[in-house]
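Peer 1: Starting off with a structure, shown below.
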């Protein structure tokens, strides 16, 4: 069984488009049984990082908190703590086995083209993520089925996402123009369910997705990544047999 953990970078609405033109939805794929993409191994590796730097495994790794030096991350402002901690986090991402699928939306382009008819970037990205998860599962070793986990954002947003998922399982994914892109029968044969996780539930898979989402967004905006390096994350993208990034 495969797990797909989702986290986003950027705002889903169309306000402040010049200041926040990019929306990224990132998914990290693990396996809960076999050695391939083993989730337990990923959890243990993350717990070791937390125990080494915070003397517990309850600290939740949020990029926003880490880079702003808030909550448990006040010491990140100190260079003697920050440099080895950042190096360890990059090593964690590099050494942990998982696969990334993601959707990058240029909200400014989308809004300029479709105006008020432009789809919610999260929902459009969600359709693309589901398609790519199905593509992955089609050729995955072991059981070719999976569960999607997402972190609760807000009750109304969670309800809309659950409704979107129900629509996908009934009608299939859609294109930006509203055409069916992947049939529901194919999706239902691969994806078992969508599961909501409470905010700050300290789930390692969500934290891996969180650590990867911002660097992907910053790379798209041609900004420097001072925390997790994009070059490390890029190695994790789903690839074809020849090593070319797919999607």
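Taken together, the values in this text are just the output of simple stated rules run on the coordinates, not laboratory data. Not measured: the values here are computed from a predicted model.
Peer 1: Return one number: the angle in degrees, 0 to 90 and rounded to the nearest 10, between the long axis of the Cα atoms of helix 204-220 and the longest principal axis of the Cα atoms of the chain.
Peer 2: The helix 204-220 is inclined about 80 degrees to the chain.
Peer 1: Take the alpha carbon gyration tensor of segment 147-247, find the square roots of its eigenvalues, order them as a ≥ b ≥ c, and report rounded if a/c is under 1.5; if not, report prolate when a/b exceeds b/c, else oblate.
Peer 2: Numbers: a/c = 1.92, a/b = 1.31, b/c = 1.47.
Oblate shape, in that a/c is at least 1.5 and b/c is the bigger or equal ratio.
Peer 1: Continuing with the same structure: Just to confirm the number: angle between the C-alpha axis of helix 121-138 and the first principal axis of the chain, 0 to 90 degrees, nearest 10?
Peer 2: Relative to the chain, helix 121-138 is tipped by roughly 90 degrees.
Peer 1: Then there's this: Once you have a ≥ b ≥ c as the square roots of the Cα gyration tensor eigenvalues for segment 2-88, tell me rounded if a/c is under 1.5, and otherwise prolate or oblate according to whether a/b is larger than b/c.
Peer 2: Details: a/c = 2.74, a/b = 1.10, b/c = 2.49.
Since a/c reaches 1.5 but b/c is at least a/b, the shape of segment 2-88 is classed as oblate.
Peer 1: Which angle between 0 and 90 degrees, to the nearest 10, do you get for helix 155-171 versus the longest principal axis of the chain when only C-alpha atoms count?
Peer 2: Taking the Cα atoms of the chain, the angle to 155-171 is about 50 degrees.
Peer 1: To the nearest Å, what is the center-to-center distance of segment 41-109 and segment 154-232, using C-alpha atoms only?
Peer 2: Rounded to whole Å, the Cα centres lie 20 Å apart.
Peer 1: To continue, here is another question. What number, rounded to the nearest 500 deg cm²/dmol, is the helix-based mean residue ellipticity at 222 nm of the chain, given -39500 (n - 2.57) per DSSP H run of at least four residues and division by all its residues?
Peer 2: Values: 9 runs with 111 residues, N = 247.
The helix contribution divided over the chain gives -14000 deg cm²/dmol.
Peer 1: Related question: Can you tell me the convex hull volume per residue for the chain, based on C-alpha atoms, in Å³ to the nearest whole number?
Peer 2: Values: hull volume 32.4 nm³, N = 247.
Hull volume over Cα atoms, normalised by residue count, gives 131 Å³.
Peer 1: Percent relative contact order of segment 2-234, based on C-alpha pairs within less than 8 angstrom and at least six residues apart? Show your work: numbers first, answer last.
Peer 2: Working: 354 pairs, mean separation 71.4, N = 233.
Reported as a whole number, the value is 31 percent.
Peer 1: Quick one: the Cα spread of segment 37-102 along its three principal axes, in angstroms, biggest first?
Peer 2: For segment 37-102, the Cα extents along the three principal axes come out at 34, 27, 18 Å.
Peer 1: Mind jotting down the three principal axis lengths of segment 95-189 based on Cα atoms? Whole angstrom, largest first.
Peer 2: On the principal axes, segment 95-189 reaches 44, 34, 27 Å in Cα extent.
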